[in-house]
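The values are calculated or read from the model by the stated rules, or taken from the named source; none is laboratory data. All of these numbers come straight from a predicted model, not from anything done at the bench. So basically every Cβ, Gly included, is an ideal-geometry build from the backbone, and we count neighbours across all protein chains shown. Ligands, DNA and RNA are stripped out before the accessible areas are found, and what is left, the full protein with its side chains, is counted by its heavy atoms. Shrake-Rupley method; radii C 1.70, N 1.55, O 1.52, S 1.80 Å.
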Amino acid sequence: MRQPSLSLAATAVALLALHVPTLSGAFAPISHHRQAAAVIVHATSGNGEADTSTSRSAATRSGTDKKVTAEHDETWQQFAAATTISTPKLSIRAPLPDERGKGGVYAAEPISALEIVGRIPRSLIITARDAPKRAVLAAAEASNISWLTELTAAALVALHPAVDSDSDSDQSSVDDNKKAAMDVISAKQSWVQSWQDGGWATNSADLGPPDAQFGPKCVTGSLVSTGSDNDHNIYAKFRFPCHPVIHRAGIGLAFLTGAEEDECREALVRRGKTYRSMRDALLGLVAVPSERKGSMRERRAWDVADAMSRVLSRVTTVQLPDLEDGRSGGSGEVPTPAIVPLHERLGHCTDERGENVKVISSDDGGEILLLATRDIEKGEEIVRDYNAAPRIDGDATNGALRLLLQFGLPPSAWPSSMQ
């Protein structure tokens with residue numbers, strides 16, 4: 001395989017020899033070969049020790065795997081009951097640590113093609129079209145307005161609702177039934193609060209041991225929020241093409257995914273620039289920042305970065321009725337980036353059959369339906385195709401690099417040809 005560029009060779013050798021990136025316990029060991037040497041990237045547990053667990057096999061997709069029979073996700077069941085989400089033929093457990101927030105949904109009974117396997121109230125999904133006015137106004141102030149800016153703003157408002165104002169409810173009946181509207185706001189807030197996993201390095205443990213040079217101890221909040229738009233000029237004198245933490249992370253991504261180092265680095269830089277284009281505009285949507293060391297502004301900024309990464313890892317596209325005609329099923333439908341409860345945490349399809357469910361709008365637009373695309377056997381995992389999700393503007397990554405970087409999907413969720 002190719003060598004690092006001559007100007008960076010010494011730096012790359014030193015970084016790789018001393019600080020080959022290791023991943024959190026979510027990853028199983030991966031082997032990548034560079035020239036004649038085999039470099040093993042091991043998973044680590046919380047204390048930095050190697051995780052000897054093996055990756056998820058194809059058996060996980062069938063009812064023979066023990067993961068199917070794990071305990072039900074009681075938190076999800078309570079949320080579904082409180083919000084009238086209906087999934088009568090599905091068995092749902094909490095994702096396991098090695099699944100990084102994706103998986104745990106199985107067919108409890110045989111399901112026929114075109115059968116509705118889930119009903120989710122439209123009021124629960126997150127879209128820019130349904131967002132409160134203050135989310136729309138904040139997104140409009142960003143230096144680069146995109147679907148991701150608008151959806152991140154909508155997610156932040158759901159996470160930090162203005163509970164004393166009706167403006168944070170998209171319920172048309174709020175005047176008649178304010179309690180019901182507030183219940184929806186509260187339920188949506190608890191759902192967004194439950195989002196922990198996101199794209200690669202949302203959790204800095206993905207960058208290796210805490211004391212690794214240019215690793216977790218050197219990030220500013222998170223990898224997404226580390227660096228500036230002027231890093232190329234700042235670090236050129238040191239023969240770095242970008243911030244050294246981003247540079248090291250790009251090398252790690254290349255080892256993990258088999259992609260070119262330049263492509264990995266450019267993808268990380270693009271993600272950071274996208275974040276910075278919305279950061280200042282969305283700061284005011286963070287009412288109470290998360291507890292971590294830093295100023296109030298820094299903590300708000302880091303929360304915006306985390307929200308953007310978690311939105312990116314969950315987003316899909318739903319054909320929603322045009323706001324003017326309010327009907328589904330015709331030319332008036334508009335493809336809309338959205339985050340849909342349950343669908344956002346499904347596993348990724350890894351074989352030629354593709355996803356076995358998709359999301360559509362009900363005829364009256366009041367529900368989002370989870371529709372089977374083919375017959376599904378009892379015990380089979382319910383999966384979606386993350387490759388079909390919206391991208392960051394300008395992103396051209398594919399394969400393992402995109403699955404890991406945008407969605408945080410571990411190697412066990414990649415098609416066998418990518419592993």
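Structure values in brief
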| item | result |
| --- | --- |
| Residue among T152, P121, A131 farthest towards the positive dipole end of the stretch 117-159, charges placed on Cβ | P121 |
| Cβ-based net charge around I85, under 15 Å, with every Lys or Arg adding one and every Asp or Glu removing one | 0 |
| C349 - accessible surface, heavy atoms, 1.4 Å probe, Å² rounded to 10 | 10 Å² |
| Furthest towards positive pole of dipole, N230, M296, G199, structure part the stretch 190-298, Cβ charges | M296 |
| Part-to-part distance (alpha-carbon centres) for the stretch 192-234 and the stretch 142-157, which is given in Å | 21 Å |
| Heavy-atom accessible area order for M296, M182, largest first, 1.4 Å probe | M296, M182 |
| Karplus 3J(HN,Hα) series, Hz, for the stretch 135-146 with 6.51 cos²θ - 1.76 cosθ + 1.60 (x for Gly, Pro) | 5, 4, 5, 5, 4, 5, 8, 5, 6, 9, 8, 9 |
| Per residue solvent-accessible surface (Å²) - the stretch 189-275, probe of 1.4 Å | 39 Å² |
| Amide H within-cut-off set for A142, under 5 Å, with H built and near neighbours excluded | none |
| For the stretch 85-91, 3J(HN,Hα) per residue [Karplus equation, 6.51 cos²θ - 1.76 cosθ + 1.60, θ = phi - 60°, Hz, x = Gly/Pro] | 6, 10, 9, x, 9, 10, 10 |
| The stretch 223-299 - percent of accessible surface contributed by carbon and sulfur, probe 1.4 Å | 50 percent |
| Sequence of F407, F79 from largest to smallest accessible area, 1.4 Å probe | F79, F407 |
